[in-house]
1. Could you check, for the stretch 101-121, whether at least one of its residues is at pLDDT below 95 and outside any helix (DSSP H, G or I)?
2. Show the residue pairs meeting these rules: Cβ distance below 7 Å; 6+ apart or different chains; first residue within the stretch 131-142 and buried (at least 20 other Cβ atoms within 10 Å of the Cβ); second residue assigned to a helix (DSSP H, G or I) and aliphatic (A, V, I, L, M).
3. One residue is enough: does the stretch 74-82 have a residue meeting the conditions of a type in the set (Ser, Thr, Tyr), at negative phi and surrounded by 23 or more Cβ atoms within 10 Å (Cβ to Cβ)?
4. Here is a check on your reading of the model: is residue 35 out of contact with any helix residue (DSSP H, G or I) (no Cβ under 7 Å at 6 or more places or on another chain) and without any contact (Cβ under 8 Å) to a residue 12 or more places away in the chain?
5. How about the stretch 127-220: which strands (runs of 3 or more DSSP E) wholly inside it have at least 1 residues that are over 18 Å from the mean Cα position of the chain (by Cα), more than 24 Å from residue 65 (Cβ to Cβ) and of a type in the set (Val, Ile, Thr)?
6. Would you tally the residues in the stretch 46-55 being closer than 13 Å to residue 20 by Cβ and crowded, with 24+ Cβ neighbours inside 10 Å?
7. Taking the stretch 161-201, which residues are of a type in the set (Val, Ile, Thr) and surrounded by 15 or more Cβ atoms within 10 Å (Cβ to Cβ)?
8. Which of the residues belonging to the stretch 1-57 are in contact with a Leu (Cβ under 7 Å, 6 or more places away or on another chain) and of a type in the set (Lys, Arg)?
Amino acid sequence: MVTDLPFWEQPEHVERFAAREPDHRLIEILDGLESPSEVRVLDLGCAGGRNAVLLADHGCSVWGLDASQAMVEKTRGRLASLIGEEMAARRVVEGSMSELGRYEDGFFHLVVALGIYHNAASRTEWERALSESARVLAPGGLLLVAAFTPETDLTGAGVLPVAGEPLVYEGFPSGRALLVTAEKLDAALETRGLLPVVPSETVITPTDTGRRVTINALYRKRG
């Protein structure tokens with residue numbers, strides 16, 4: 001039964017994420033590129049491909065990674081008409097945000113990490129994901145981030161900290177989440193050589209059942 005599938009493998013969630021509009025901040029970044037074809041981008045947590053398709057449409061060389069097989073297949077299918085089935089299958093892969101060993105140091109000019117870091121189930125996974133994102137980013141490259149804070153409440157029932165797991169909370173339909181403030185995210189990335197391009201902001205968005213409280217941030221890696 002579909003309900004027996006993990007949250008991120010369920011068709012309704014795949015289609016919901018695939019139908020979302022591309023991130024407006026990413027659109028602004030791409031519109032400012034002089035030579036998109038020379039830009040290599042990693043869409044980390046590519047979900048249903050909403051941003052990967054935008055990147056390919058702009059002429060960027062795009063790679064995608066997601067822990068969900070269903071999300072990977074959806075993204076591959078959408079990119080196939082733009083970059084070919086073979087390349088889509090080779091570049092969009094299933095994997096963990098904390099294990100990017102398949103990519104060389106400094107390979108990407110832009111890493112897109114929208115709605116992904118808060119899906120870490122532990123502090124160790126979160127720290128590793130940040131370190132790996134920084135490692136694969138070229139000097140001067142950009143890291144675009146959106147991540148939930150502890151004030152997020154998607155269900156209206158609140159979230160609860162997990163005992164013995166610093167920064168980890170329960171109360172999300174998709175499972176546990178690691179939640180930090182903008183200040184803590186800035187500090188963690190600064191130790192990895194990434195500094196805010198503009199001040200990181202926290203945005204509150206009411207929903208039908210609760211609210212999303214999201215850090216929107218853009219970082220540049222030191223040259």
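The values are calculated or read from the model by the stated rules, or taken from the named source; none is laboratory data. Because the structure is a prediction, the values reported are computed rather than measured. Counting neighbours? That spans all protein chains shown, and the Cβs are built from the backbone with ideal geometry, glycine included.
1. Yes, because at least one residue in the stretch 101-121 is at pLDDT below 95 and outside any helix (DSSP H, G or I).
2. 142/29
3. yes
4. Taking the combined requirement at face value, the residue satisfies it.
5. Correct list: 201-206.
6. 6
7. First, pick out the residues of the stretch 161-201 that are of a type in the set (Val, Ile, Thr): 162, 168, 180-181, 191, 197-198.
Answer for the stretch 161-201, where residues must be of a type in the set (Val, Ile, Thr) and surrounded by 15 or more Cβ atoms within 10 Å (Cβ to Cβ): 162, 168, 180, 181.
8. Selection gives 25 alone.
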